[in-house]
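Worksheet for the structure shown next.
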Amino acid sequence: MHDIQAEANLYQRAQLESIAIERKSPGFINTLVETSRLLSLNVADKLQPSNSLLKDWHLILSILELSNFHNLRLSDIVQTFVSNGHTPVSIEPVINLERWCAFKHLIAADREGCQDSSITWDIGFHGTPERNVPAIIRSGFHMPHQNRRLRWGPGIYSSADGPFTLLYGRRKPGDIVSIFLCAVARGKAFTLSNVRRRKFRGLQPGYDSSVCPMDHEWIVFDESRIIPLCVLAVRTGVLTPGGYLEGRAFPGCGKLERYYEIAGQMVSAGIRRPLYQHLRKDGWGQMEQMELQSKTENEVTHW
């Protein structure tokens, strides 16, 4: 019984440490201003987001900034869709703190295994039909059935090219498609080849993930290597053949004021008309209780 309680205490401290790292990081502090700006772009709406929602956005924007796409902003992501003829409608956070803590420990293990402290996560997109969205929010991504026919074999697919992922959820121009914005721990990636494609299905020995020859599809084979951060609703335009591959976001591409305004409108729309709030678990209240308990225990020990 004592061992079980000790393990539970260690797990709680690991969770607290993981969140605390983000709170103290320069990226997290910088995004406090970014969050305030996004939420103040529609002051006329008199929005009053909850404290947990503010914390969600602080954490998510810091995850963008601290990713391999250094200093990536939500406005940069908006620009990629707008410039390709699509209309971003809303965005809603769906991050799960328990999954994020587990994801951070996986990143730490990758760093230790490669002896490279600079290893971090990528930001990817995952398009899917609307019927799949609730299950992903509730329990995260799951590996598909082995018999399911996918281009590069069974795996969890994502892409750095946001507009490309619209193909997985659209039926015709004008449809509103749900796209997950994700953190992806690709680790050591194996580059696939169109030659003898069947030979390279599944995770290759010595690697953590795969990437298609044109680098617009990433495949992971471990459910903990990809976690959903937000759900974007995007109204699709006309997709021209090959044109969807020009939608990769990079830091600074959305620096024009109009992209900041659209990003603010998306965040506001997600607050005014949340579609998925009832599906997700708010972990901040539990985290605050754990922090309070930890603080109390430390004070008692010190006394």
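The values are calculated or read from the model by the stated rules, or taken from the named source; none is laboratory data. Note that the coordinates shown come from a computational prediction; the quantities given were computed from them, not determined experimentally. Ideal geometry is used to build each Cβ from the backbone, glycine not excepted, and the neighbour counts take in all protein chains shown.
Below is a table of values for the structure above.
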quantity	calculated
Search result, residues across the range 108-126 that are surrounded by fewer than 18 Cβ atoms within 10 Å (Cβ to Cβ) and either in a helix (DSSP H, G or I) or among the polar types (S, T, N, Q) (or both)	Ala108, Ala109, Arg111, Glu112, Gly113, Cys114, Gln115, Ser117, Ser118, Thr120
Verdict on Lys104 being modelled with pLDDT of 85 or more, farther than 30 Å from Leu167 by Cβ, touching a helix residue (DSSP H, G or I) at 6+ places or on another chain (Cβ under 8 Å) and not hydrophobic (A, V, I, L, M, F, W, C)	yes
Candidate set from the range 216-252 (those that are within 12 Å of Thr80 (Cβ to Cβ), crowded, with 16+ Cβ neighbours inside 10 Å and of a type in the set (A, V, I, L, M)); member that is modelled with the lowest pLDDT	Ala249
Selection from the range 110-126 of residues that are at pLDDT below 90 and out of contact with any Leu (no Cβ under 8 Å at 6 or more places or on another chain)	Asp110, Arg111, Glu112, Gly113, Cys114, Gln115, Asp116, Ser117, Ser118, Ile119
Residues satisfying the stated conditions in the range 212-233, i.e. out of contact with any strand residue (DSSP E or B) (no Cβ under 9 Å at 6 or more places or on another chain) and assigned to a helix (DSSP H, G or I)	Ser224
Qualifying residue in the range 72-80 (condition: touching a residue at least 12 places away in the same chain (Cβ under 8 Å) and in a loop (DSSP other than H, G, I, E, B))	yes
Restricting the range 136-162 to residues that are at pLDDT 90 or above and of a type in the set (D, E, K, R), the residue that is surrounded by the most Cβ atoms within 10 Å (Cβ to Cβ)	Asp161
